[in-house]
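Single-structure report; data block below.
The values are calculated or read from the model by the stated rules, or taken from the named source; none is laboratory data. As the structure is a prediction and not an experimental result, all values here were calculated from the model. Every residue, glycine as well, gets a Cβ built from its backbone with ideal geometry; the counts of neighbours run over all protein chains shown. The area values use the complete protein model at the heavy-atom level, side chains included, leaving out ligands, DNA and RNA. Shrake-Rupley method; radii C 1.70, N 1.55, O 1.52, S 1.80 Å.
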Amino acid sequence: MEITTEVEDTKAIVTIEGKVTVQTAAQIKAAITALPEEVKDIDVDVAKVTYLSSAGLRTLVLAAKLSKRS
């Protein structure tokens with residue numbers, strides 16, 4: 001799995017490629033929680049994800065919650 005992150009002002013794009021399993025979901029969570037506090041808009045590009053486990057889905061829900069922080 002590969003994760004790339006682009007940040008511009010208050011927007012971040014997190015691109016994920018490959019399989020998202022229970023083992024790799026923690027890497028996504030780390031990338032998302034490491035975003036600067038001023039980031040309010042988080043887009044997660046999963047176009048190249050070939051498998052998404054329930055742990056990966058839970059991590060995407062975390063990203064949605066973080067993007068709604070004040």
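The charge dipole of the chain, taken about the Cα centre with unit charges on the Cβ atoms of Lys, Arg (+1) and Asp, Glu (-1), comes to about 440 debye, rounded to the nearest 20. Give me the accessible area of Val22, 1.4 Å probe, in Å² rounded to the nearest 10. Taking all protein chains as shown, Val22 has close to 100 Å². In plain terms, the chain from Asp45 to Val22 could stretch by 6.4 nm, reckoned as 0.36 nm per residue minus the Cα-Cα distance. Comparing Thr15, Ser54, Ala31 along the charge dipole axis of the chain, the residue lying farthest to the positive side is Ser54, per the Cβ-charge model.
I want to check the label-to-label distance for Arg58 and Asp9. Put each point 7 Å from Cα in the C-beta direction and report it in nm to one decimal. In this crude spin-label approximation the distance works out to 3.5 nm. Each Lys or Arg adds one and each Asp or Glu takes one away; over the other residues whose Cβ falls under 12 Å from the Cβ of Val61, this sums to +4.
Annotation: per residue accessible area for the chain equals 63 Å², rounded to a whole number [probe 1.4 Å, protein chains only]. Ignoring ligands, DNA and RNA, what percent of the accessible area of the chain is carbon or sulfur (1.4 Å)? Roughly 53 percent, rounded to a whole number.
Considering every alpha-carbon pair of the chain, the percent of pairs per 10 Å bin, from zero through the bin containing the longest distance, is 22, 58, 19, 1.
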